[in-house]
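Heads up, the thing below is written out as structure tokens.
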Amino acid sequence: MYYSKAFIPTLKEAPSDMDNISAKLMVRSGMIRKLGSGLFELLPLGLKTLENVMTVIKEEMRAIDGQEVKLPLLLPKELWIETGRWNVYGKELFRIKDRKNAEFALAPTHEEAITDLARSFIKSYKQLPIMLYQFGIKFRDEIRPRFGVMRAREFIMKDAYSFHATEADLEAYYKKVYAAYEKICQRCGFKYRVVEAASGAIGGNFSHEFMVLADTGEEEIAWCNCGYGANSEKAECLPEDKKSDEKALDMEEILTPNVGTIEDVSKFLNSSAQKFIKTIIYVADGEPVAALVRGDYEINEIKLQSLLGCSELELATPEIIAEVTGAKVGFAGPVNLKKKIKIYADYSVVNIVNGVIGANKDDTHIKNVNYDRDYKADVVADLRKVVHGDICPRCKKEKLQFSRGIEIGHVFKLGTKYSKSMKATYLDANGKEQLMVMGCYGIGVTRILAATIEQSYDENGIIWPTALAAYKVCIIPVDFKNEQIKQTAEKIYNELRALKIDVLLDDRDERAGIKFKDADLIGIPFRITIGEKNLKDGNVEFKNRRDDKSAAKIIKADEIVNLIVEKLKEGEI
């Protein structure tokens, strides 16, 4: 492509409403344009880069026998009613009605549609296993769209679903997809970690996230050199193994007027937050429950919801708290609750000696409270968020380390969650009806663009890996009006094009400095500069985008194409 014919509307400055580096650089480099909140147009440069991402993914999906399909974006309500997700998915689900008043969802995900497809055609174990995948637009009504295409209301995903006769077969195929995702990350040039994750609205009993490491990442991950890794929603916390030798004292009520927070009560009682037992009242599928955690920790609502097995978990309203405890917000405790409810305690509370709790009376706390003697939980489990200083739950030796990350892929073992509710069955070798066992495997395609930039940029712009770059090579004639320079530039251009290498020839009537800046901003991996001085000796200048300015090399003009071919064969990042 000649630059003068290309639609690459670069900008000197990013709009003020772009809130991270990838969004700023994607707009500045002419890849995307913001149309509205969480809505972005992909311009030619952005779409060309996206197609390269999709090519990498397709090649790896085909290598594990994936077959591509295309599913509708408009999904009938009836399918979502079958799985029960229509009423529990939440406000992120776009719901619309057609002229006949029939209800639909704009697809945020495609579990229902793919399961309906499978149950319509798969009847025998002889048709299993099978994996179907697609690239499609997804819609989620984000309450606060941010970070450009990373958390938008409309985005492109690759979602894949596998169907199996047995759990063992799913396990074997899950490992194949896991390995394919690692290859995708490697081909995209990512520094990444794979971590255990909560399954969220998709469901299933086991999942992993593929996290691109970046200081600007929106998620925190915990990991250990032993190989353990998990996102902050999933990271396990070990039980407290020591109990204080402190003598248990008698319980004592204390008036604490107008001091409801842990911090305020700690100051009032001159006590450590580690002595406090926070009691938080939730409503789980309509029923109030109490969750307990040590005062200096936070409840992990994902873990709590998973333990309860509920569809909806919400903090109780002040009215429900008063009904359960007999007190206003801030004074709940596990002793003498007004209404009998189930109590779920984190490991951290059972070893607290002479703890402090709310007294279930306004402006009142109780000190010297001890587990077993004064109260008991229905269930004791890991219910808190991981913190710095926690020990790895696998090796149980090293302290966990923490990094920021961007999720670009998520794989799930769904089991029979959807096949059971949608009656997706097959006949086994004995003619007996069995439920299909499912796996689900997603990749945020537009997210990969943003994640690559967040991990690979400098003060001049984007640094694309060769596999993803829209153009692998940029040819910059210092003076395109000079006939010798022009002929050399066009000769190299035509030779690269003949080899099916994407190349941009900057034929614009601009100063060389402007051309260099645009090439760096766009992030083209290799730059060939053709100037009169070098050309006198039959040379051109070669520059790798990843090298500093002093690293430019003088190469014979008739050798430059071979050099580019070698660099691309090496898969140089």
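Using the Cα centre as the reference, give the magnitude of the dipole from point charges on the C-beta atoms of segment 3-97 (Lys, Arg: +1; Asp, Glu: -1; all else neutral), rounded to the nearest 20 debye.
On the way: 15 positive and 12 negative charges, 79 e Å.
The calculation lands at about 380 debye.
Roughly speaking, what is the stretch gain from Leu499 to Ala551, that is 0.36 nm per residue apart minus the C-alpha to C-alpha distance, in nm to one decimal? Before the final figure, lay out the partial values.
On the way: separation 52, 0.36 × 52 = 18.72 nm, distance 2.63 nm.
Using 0.36 nm per residue and subtracting the Cα-Cα distance, I get 16.1 nm.
Can you work out D for segment 319-397 in µm² s⁻¹ from Stokes-Einstein, where Rh is the Kirkwood radius over C-alpha pairs, the temperature is 10 °C and the viscosity is 1.306 mPa s? Don't skip to the end; give the middle numbers.
On the way: Rh = 14.1 Å.
Rounded to a whole number, D works out at 113 µm²/s.
Give me the dipole magnitude in Debye, nearest 20, for the chain about the Cα centre, with unit charges on the beta carbon: positive for Lys and Arg, negative for Asp and Glu. Write out the running numbers ahead of the final one.
Numbers: 85 positive and 87 negative charges, 217 e Å.
With Lys and Arg at +1 and Asp and Glu at -1, about 1040 debye.
Treating the angle as unsigned and between 0 and 90°, give the value, to the nearest 10°, between the Cα long axis of helix 445-455 and the longest Cα principal axis of the chain.
80 degrees
From zero outward in steps of 10 Å, how is the percent of C-alpha pairs of segment 408-520 spread across the bins?
12, 24, 20, 13, 12, 11, 8, 2
Mind ranking Arg33, Arg99 by accessible surface for me, highest first, 1.4 Å probe?
Working: Arg33 120, Arg99 235 Å².
Ranked list, largest accessible area first: Arg99, Arg33.
Scattering from the C-alpha atoms of segment 1-157 alone, worked out with Debye: what is log10 I(q)/I(0) at q = 0.17 1/Å?
These q points yield log10 I(q)/I(0) values of -1.12.
Setting aside same-chain residues fewer than 8 positions from Lys432, which lysines have a Cα under 21 Å from its Cα?
By straight Cα distance, Lys432 reaches Lys123, Lys126, Lys417, Lys420, Lys423.
What are the ³J(HN,Hα) couplings of segment 34-40, residue after residue, when phi is run through the Karplus curve with 6.51, -1.76, 1.60 and θ = phi - 60°? Round to Hz, x for glycine and proline.
Running phi through 6.51 cos²θ - 1.76 cosθ + 1.60 with θ = phi - 60° gives 7, 9, x, 4, x, 10, 10 Hz.
Compute the distribution of all C-alpha to C-alpha distances in segment 269-384, in bins of 5 Å from 0, and list the percent of pairs in each, rounded to whole numbers.
All Cα pairs, binned at 5 Å, distribute as 2, 13, 24, 25, 21, 11, 2, 0, 0 percent.
Give me the percent of the accessible area of segment 304-428 that comes from carbon and sulfur atoms, probe 1.4 Å, all protein chains in place. Could you put the intermediate results ahead of the total?
Values: 2670 of 5660 Å².
The nonpolar share, carbon plus sulfur, comes to 47 percent.
Tell me the mean residue ellipticity at 222 nm calculated for the chain from its helices only (DSSP H runs of n ≥ 4, each -39500 (n - 2.57), averaged over every residue, nearest 500). Write down the numbers at each step before the final one.
Numbers: 14 runs with 148 residues, N = 573.
Taking each H run of at least 4 residues, the total per residue is -7500 deg cm²/dmol.
Which value, in Å to one decimal place, does the Kirkwood hydrodynamic radius take for segment 411-471 when every pair of different Cα atoms is included?
Details: mean 1/r = 0.0650 Å⁻¹.
It works out to 15.4 Å.
Along the charge dipole of the chain, which of Ile280, Ala168, Thr10 sits closest to the positive end, that is, farthest toward it, with unit charges on the beta carbon of Lys, Arg, Asp and Glu (+1, +1, -1, -1)?
In the chain, that residue is Thr10.
Solvent-accessible area per residue for the chain at a 1.4 Å probe radius, Å²? Write out the running numbers ahead of the final one.
Working: 27420 Å² over 573 residues.
I get 48 Å² per residue for the chain.
Which cross-chain or sequence-distant (5 or more) residues have an amide H under 5 Å from the amide H of Ile130, H modelled 1.01 Å from N in plane?
Answer set, sorted by chain and number: Phe163.
At a 1.4 Å probe radius, carbon and sulfur cover how many percent of the accessible area of segment 1-119?
On the way: 3270 of 6170 Å².
Whole-percent figure for carbon plus sulfur exposure: 53.
Report the percentage of all Cα-Cα pairs in segment 189-331 whose separation exceeds 24 Å, rounded to a whole percent.
On the way: 5157 of 10153 pairs.
Tail of P(r) above 24 Å: 51 percent of Cα pairs.
With equal scatterers on the alpha carbons only and no solvent term, can you work out the Debye log10 of I(q)/I(0) for the chain at 0.08, 0.09, 0.10 1/Å?
The Cα Debye sum returns log10 ratios of -0.70, -0.84, -0.97.
Would you list, by chain and number, the aspartates and glutamates whose Cα falls below 14 Å from the Cα of Lys338, excluding same-chain residues fewer than 8 positions away?
Within the straight-line cut-off, Lys338 pairs with Glu319, Glu323, Asp362.
Suppose the Debye formula is applied to equal point scatterers at every Cα of segment 1-40; what is log10 I(q)/I(0) at q = 0.22, 0.23, 0.28 Å⁻¹?
-0.69, -0.74, -0.96
Determine, from the Cβ-Cβ distance of Phe94 and Ser311 and an R0 of 22 Å, the FRET efficiency 1/(1 + (r/R0)^6), rounded to the nearest 0.05.
Working: r = 20 Å, r/R0 = 0.90.
Efficiency for this residue pair is about 0.65.
Please turn the phi angles of segment 152-163 into ³J(HN,Hα) values with the Karplus equation 6.51 cos²θ - 1.76 cosθ + 1.60 (θ = phi - 60°), one per residue in order, whole Hz, x for glycine and proline.
Whole-Hz 3J(HN,Hα) from phi for segment 152-163: 9, 8, 9, 7, 10, 10, 9, 10, 10, 9, 10, 10.
Which residue, Gly330, Pro318, Thr416, has the largest displacement toward the positive end of the dipole of segment 302-430 when charges sit on each Cβ (Lys, Arg +1; Asp, Glu -1)?
Of the listed residues, the answer is Thr416.
What is the calculated FRET efficiency for Lys342 to Lys58, with r their C-beta to C-beta distance and R₀ = 35 Å, to the nearest 0.05?
Values: r = 49 Å, r/R0 = 1.40.
E between Lys342 and Lys58, to the nearest 0.05, is 0.10.
Per 10 Å bin, what is the whole-percent P(r) computed from every C-alpha pair distance within segment 136-259?
9, 26, 31, 14, 11, 9, 1
Give the long-range amide H neighbours of Gly326: residues separated by 5 or more places, or on another chain, with amide H under 5 Å away, using H modelled in the peptide plane at 1.01 Å from N.
Amide H neighbours of Gly326: Lys338.
I'd like the FRET efficiency for Glu510 and Tyr178, computed as 1/(1 + (r/R0)^6) with the beta carbon distance as r and R0 of 60 Å, rounded to 0.05. Don't jump to the answer; show the numbers that get you there.
Numbers: r = 48 Å, r/R0 = 0.79.
The pair Glu510/Tyr178 has a calculated efficiency of 0.80.
How long are the semi-axes of the equivalent ellipsoid of segment 217-291, defined as square roots of 5 times the Cα gyration tensor eigenvalues? Whole Å, largest first. Display every interim value, and only then the final one.
Values: eigenvalues 199, 85, 46 Å².
Gyration-tensor ellipsoid for segment 217-291: 32, 21, 15 Å.
The values are calculated or read from the model by the stated rules, or taken from the named source; none is laboratory data. The model shown is predicted, which means the values in this text are computed figures rather than measured ones. Note: ideal-geometry Cβ built from the backbone for every residue, glycine included; neighbour counts use all protein chains shown. To get the accessible areas, we keep the full protein, side chains included, count just its heavy atoms, and leave off ligands, DNA and RNA. Shrake-Rupley method; radii C 1.70, N 1.55, O 1.52, S 1.80 Å.
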